[in-house]
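Q: Okay, here's the structure, questions in a sec.
The values are calculated or read from the model by the stated rules, or taken from the named source; none is laboratory data. Since the structure is predicted, the reported quantities are computational estimates derived from the model, not experimental observations. Methodologically, a virtual Cβ is constructed for each residue, glycine included, from the backbone with ideal geometry; neighbour enumeration extends over all protein chains shown. Please note that ligands, DNA and RNA were not included when accessible areas were found on the heavy atoms of the full protein model with its side chains. Shrake-Rupley method; radii C 1.70, N 1.55, O 1.52, S 1.80 Å.
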Amino acid sequence: KNEVEQSPQNLTAQEGEFITINCSYSVGISALHWLQQHPGGGIVSLFMLSSGKKKHGRLIATINIQEKHSSLHITASHPRDSAVYICAVRSGTGNQFYFGTGTSLTVIP
Amino acid sequence: NAGVMQNPRHLVRRRGQEARLRCSPMKGHSHVYWYRQLPEEGLKFMVYLQKENIIDESGMPKERFSAEFPKEGPSILRIQQVVRGDSAAYFCASSPSHNQPQHFGDGTRLSIL
């Protein structure tokens, strides 16, 4: 079993829809990251969370430490949001990073 | 302020050759991380370095792989005697400290013939 599980694996949405991507983890963590990887392969760090909620533009990330769960929300989705979204956690006991396998999002105009 | 610079973007090697991947962190960043993304797989942590020191190399294969981050110059990920299974995208990220967000480079795509 992977330390980090994401759902769904693939997601297709109509432009304007509200999107939620979920991440569950099984290890103690010091921080959780949401990353975005575009078709060209480049990776952008969207959020780093250790508690609560963060918002950046149309993106919102939340984390529940007790439930070991995080969600990434995209409001008013747009075709340019099409990418793979990756959840990653940093171990609370060391320097290891564990990655989910990613959620591939396609937003249709 | 330039981002994390990785070069080359693409590298082709024959089996048995050496591959050297370079990563110049963002200005002011002294923490460097290397990750590998195998085809159709997720990212895997390889090694975490801070200037001149390897902090954690638990994700690095024990043989043929090495990493350094010298006092001057870029961080280098070195793969000796490459094999087909080394074909992957190798990403570098940097941060000012371990508790701050990482900035990623565009990766080096390594292909082994």
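Q: Of A:Lys68, A:Lys53, B:Lys62, which has the most accessible area and how do the rest follow, probe 1.4 Å? If you can, show how the numbers build up before the last one.
A: Working: A:Lys68 75, A:Lys53 140, B:Lys62 180 Å².
Most to least solvent-accessible, the answer reads B:Lys62, A:Lys53, A:Lys68.
Q: Something else about it: Please work out the average accessible area per residue across chain B, using the 1.4 Å probe convention, and give it in Å². Could the numbers behind the result be given before it?
A: Values: 5770 Å² over 113 residues.
With the other protein chains kept in place, chain B gives 51 Å² per residue.
Q: Separate question: How much solvent-accessible surface does B:His103 expose, in Å² to the nearest 10, with a 1.4 Å probe and all protein chains in place?
A: 80 Å²
Q: If you count, for every residue in B:101-110, the Cβ atoms of partner chains within 10 Å of its Cβ, what is the mean?
A: Average neighbour count from other chains, rounded to a whole number: 4.
Q: How high is the relative contact order of the range A:16-101, in percent, counting Cα pairs under 8 Å that sit 6 or more residues apart?
A: On the way: 174 pairs, mean separation 32.5, N = 86.
With pairs under 8 Å counted, the relative contact order is 38 percent.
Q: Quick check: with the 1.4 Å probe, what order do B:Tyr48, A:Tyr98 take by accessible area, largest first? Walk me through the numbers on the way to the answer.
A: Details: B:Tyr48 10, A:Tyr98 55 Å².
Listed by decreasing accessible area, they come as A:Tyr98, B:Tyr48.
Q: Still on this model: Straight-line reach from B:Lys51: which lysines have a Cα under 28 Å away, not including same-chain ones fewer than 8 places off?
A: Cross-link targets: B:Lys27, B:Lys62, B:Lys71.
Q: With every protein chain kept in the model, how would you rank A:His33, A:His73 by accessible area, 1.4 Å probe, largest at the top?
A: A:His73, A:His33
Q: Per residue of A:91-99, count partner chain C-beta atoms within 10 Å of its C-beta, then hand back the mean as an integer.
A: Mean shielding by partner chains, rounded to a whole number: 5.
Q: Then there is this: With both partners inside chain A, how many of the DSSP beta bridges are antiparallel, as a percent to the nearest 5? The partial results should precede the final answer.
A: Values: 41 of 46 bridges.
Counting only bridges with both partners in chain A, antiparallel ones make up about 90 percent.
Q: Give the A-B buried accessible area in Å², both sides summed, 1.4 Å probe, nearest 100.
A: On the way: alone 5870 and 6500 Å², together 10840 Å².
When A and B are taken together, about 1500 Å² of accessible area is lost.
Q: Where both partners of a DSSP beta bridge lie in chain B, what percent of those bridges are antiparallel, to the nearest 5?
A: Values: 34 of 38 bridges.
In chain B, DSSP labels about 90 percent of beta bridges as antiparallel.
Q: Okay, moving on. Hull surface divided by four, with the convex hull built on the Cα atoms of the protein assembly as shown: how many nm²? Working shown, then result.
A: Working: hull surface 49.6 nm².
The number I arrive at for the protein assembly as shown is 12.4 nm².
Q: Turning to a different aspect of this structure: Quick one: how many Å² of A:Thr75 are accessible to a 1.4 Å probe, rounded to 10?
A: Probe radius 1.4 Å; accessible area of A:Thr75 about 40 Å².
Q: For the modelled label position 7 Å from the Cα of B:His98 along Cα-to-Cβ, which residues of the range B:12-30 have backbone nitrogen atoms closer than 18 Å?
A: B:29-30
Q: At A:Val44 and A:Arg58, where each label point lies 7 Å from the Cα along Cα→Cβ, what is the point-to-point distance in nanometres?
A: Here the answer is 1.2 nm between the modelled labels.
Q: Could I ask something else about it? Could you please state how large a percent of the accessible area of chain B is carbon and sulfur, counting protein chains only and using a 1.4 Å probe?
A: Details: 2610 of 5770 Å².
Using a 1.4 Å probe with all protein chains present, chain B comes out at 45 percent carbon and sulfur.
Q: Using a 1.4 Å probe and ignoring any ligands, DNA or RNA, find the accessible area of A:Thr103 and quote it in Å² to the nearest 10.
A: Solvent-accessible area, nearest 10 Å²: 0 Å².
Q: Sticking with this one: Given contacts defined as C-alpha pairs under 8 Å and at least six residues apart, what's the relative contact order of chain B, whole-number percent?
A: Over chain B, the number comes to 37 percent.
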